[in-house]
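These notes are about the structure you will find just below.
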Amino acid sequence: MSEWKPKRFWKKVNIASLEAGYFIKLDEKILKTPAKKQMVLPTETLAKKVASEWDQQAEEIDPTTMPFTKSANAALDKVSEQSEEVISLLVEYGETDLLYYRADSPPQLQERQNIGWGPIVKWAEYTFKVQINCGTGIVYIPQNEKLISETRRKINTLSIFELTAFYDMVSITGSLILGLAIINSRLSAEEAYQLSRIDEQWQLEQWGEDEEAQASSNLKNVAILHSEEFFASSGGN
């Protein structure tokens, strides 16, 4: 028996603007999230992207073609209900950030890390007026409490939609610093993602391409580019 798929029931998709924000209307029905919340969007730009996804659906609805709708659902149904937990998880990335831990060998990999990561660490130190401790190996490197408090303060200024996108940036790269560099326009999402893959790329060069790993990397690259666009569409810088 074939799996049932939801069918398109509407003819027209429109955007309605009210004081609370922007709504999507499927004919006369206001679009709701899976948790039955009205999908109230913060900007017209984001509303247009979500509306376009619904307008482009054919006879059967395909959620895999609706990344902006998916992210908006996550913001309203999950992040809005668990914002403190999400912020705490992000702060934890900042305590053990990818960029703090450098290889102790070989020299060629060390050079790539220093060239790629060094300027971003210096940018973060200057931006947040803190000292960041870096070292080699995997032993935990304590960080200045001011770094934690300053990054938390920055994260607390984000809306739930921006926070949703930012969480994806950080979790994909494994680096709070790279995520902050994206939303502060120091790096593009593409640049940040490539910096997060320095170790992985080094291994590929030594041992050869891995099709499964490359496919996974491609999906992550698409996801982080989407998170950058979702952040900007939500009103972020």
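Quick rundown of the values:
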item	result
Euclidean distance of C-alpha centroids, the stretch 6-52 and the stretch 98-117, integer Å	46 Å
Normalised contact order of the chain, rounded percent, pairs of Cα under 8 Å and 6 or more residues apart	19 percent
Kirkwood Rh (inverse of mean 1/r, distinct Cα pairs), the stretch 51-153, angstrom	17.0 Å
Choice from VAL130, VAL50, VAL139 with maximal GNM fluctuation in the chain (Cα, 10 Å cutoff)	VAL139
Per residue, the convex hull volume that the Cα atoms of the chain enclose (Å³)	153 Å³
Whole-Å distance, taken between Cα centres, linking the stretch 175-195 and the stretch 118-164	13 Å
Nearest-0.05 FRET efficiency for ILE61 and TRP202, computed from C-beta distance (R0 45 Å)	0.60
With all protein chains modelled, accessible area of LYS220 [1.4 Å, Å²]	90 Å²
Peptides 37-43, 120-126, 66-72 ordered by average Cβ neighbours within 10 Å, highest first	66-72, 37-43, 120-126
Surrounding net charge for THR45, when Lys and Arg each add one and Asp and Glu each subtract one, Cβ distance under 14 Å	-3
The stretch 128-237 - percent relative contact order, Cα under 8 Å, separation 6 or more	29 percent
Sites ASN156 and GLN131, calculated FRET efficiency, Cβ-Cβ separation with R0 22 Å, nearest 0.05	0.50
Gaussian network model of the chain, Cα within-10 Å springs - most flexible of PRO142, PRO63, PRO106	PRO106
Within the chain, helix-based [θ] at 222 nm, where runs of 4 or more DSSP H residues each add -39,500 (n - 2.57), nearest 500	-17500 deg cm²/dmol
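The values are calculated or read from the model by the stated rules, or taken from the named source; none is laboratory data. Here the structure is a predicted model, which means the values were calculated and not measured. Counting neighbours? That spans all protein chains shown, and the Cβs are built from the backbone with ideal geometry, glycine included. These area figures cover heavy atoms from the full protein model, side chains too; ligands, DNA and RNA do not enter into them. Shrake-Rupley method; radii C 1.70, N 1.55, O 1.52, S 1.80 Å.
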